[in-house]
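Derivation of every value follows stated rules applied to the coordinates shown; laboratory data play no part. Everything numeric here is computed off the predicted structure, so don't read it as measured data. FYI the Cβ positions are ideal-geometry reconstructions off the backbone, even for glycines, and counts take in every protein chain you see.
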Amino acid sequence: MSLLQDLSWRYATKKMTGEKVAQEKVDYIIEAARLAPTSSGLQPFKVIQVTDPELKAKIQPIAYNQSQIVDASHLLIFAAYDSYTKERVDQIFAQQENERGLPAGASDDYKNMLWSGLAQQSAEQHFAHAARQAYIGFGLAIAAAAEQRVDATPMEGFVNDQLDALLGLEKHGLRSVTILAIGHRDETNDWLLNLKKVRVKTEDFLISFN
């Protein structure tokens, strides 16, 4: 199967069966998000996996009572740094140097240049940047789910502050960005299943400077 075929197969599943998805497939989806490119390799987000039925039930009203929250096999919550800190940036570059066999401090010129820019920005600007990086991983997770023939529903419809409080994200220096509900489509009750996938035509989507 090609990526384009996988993306044509997928849709934003509106009703799921509650059937479990094999953990090895979910692990594959998470790994795709982990391997996503991010600005300067900072990886300023984490994925939170939720399978506990009681916790999903608590999340559902925060997500406007959408049924996928409780009917999904897994919820993958993408949460970004609430801000960059010098400690976080130092840690990332130290890991890069260590794993690449470089001398400690080999990246200092670039790291210091990067931090000098970040240090002039607000925490809210930091979060906005980190959230954009999270969306890169989010998109690859959606594509990986389609490749595995696992249904996935991208969800922004939830009250972020309430979800953050429920999960205690503040103590981890994180804020929720989006949710990916993973499961299996309910072929009997999902009204969207058999509707044609509609996208803007290529000639209206693409602007070319040749």
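A few notes on this one:
- Taking 0.36 nm per residue of separation and subtracting the Cα-Cα distance, full extension of the segment from Glu31 to Glu87 would add 17.6 nm.
- The length gained by stretching the chain between Ala165 and Leu55 to full extension, at 0.36 nm per residue less their Cα-Cα distance, is 38.3 nm.
- When each of Lys14/Lys197; Lys15/Lys201; Lys25/Lys171; Lys20/Lys196; Lys46/Lys171 is checked by Cα-Cα distance, pairs over 18 Å: Lys15/Lys201; Lys25/Lys171; Lys20/Lys196
- Distance between the modelled labels on Glu156 and His172, one decimal in nanometres: 2.2 nm (7 Å Cα→Cβ projection).
- With the simple spin-label model, which puts each label point 7 Å out from Cα in the Cβ direction, the Tyr64 to Glu24 separation comes to 3.8 nm.
- Mean residue ellipticity (222 nm) of the chain, computed from DSSP H runs ≥ 4 via -39,500 (n - 2.57), nearest 500: -13500 deg cm²/dmol
- Applying the criteria of a DSSP loop state and at most 15 other Cβ atoms within 10 Å to the trypsin sites (Lys or Arg not before Pro) of region 157-210 yields Lys196, Lys197, Arg199, Lys201.
- Take the Cα of Ala12, step 7 Å toward its Cβ, do the same at Met113, and the gap between the two points is 4.0 nm.
- Computed lengthening from Thr202 to Ser2, 0.36 nm per intervening residue step minus Cα-Cα distance: 70.1 nm
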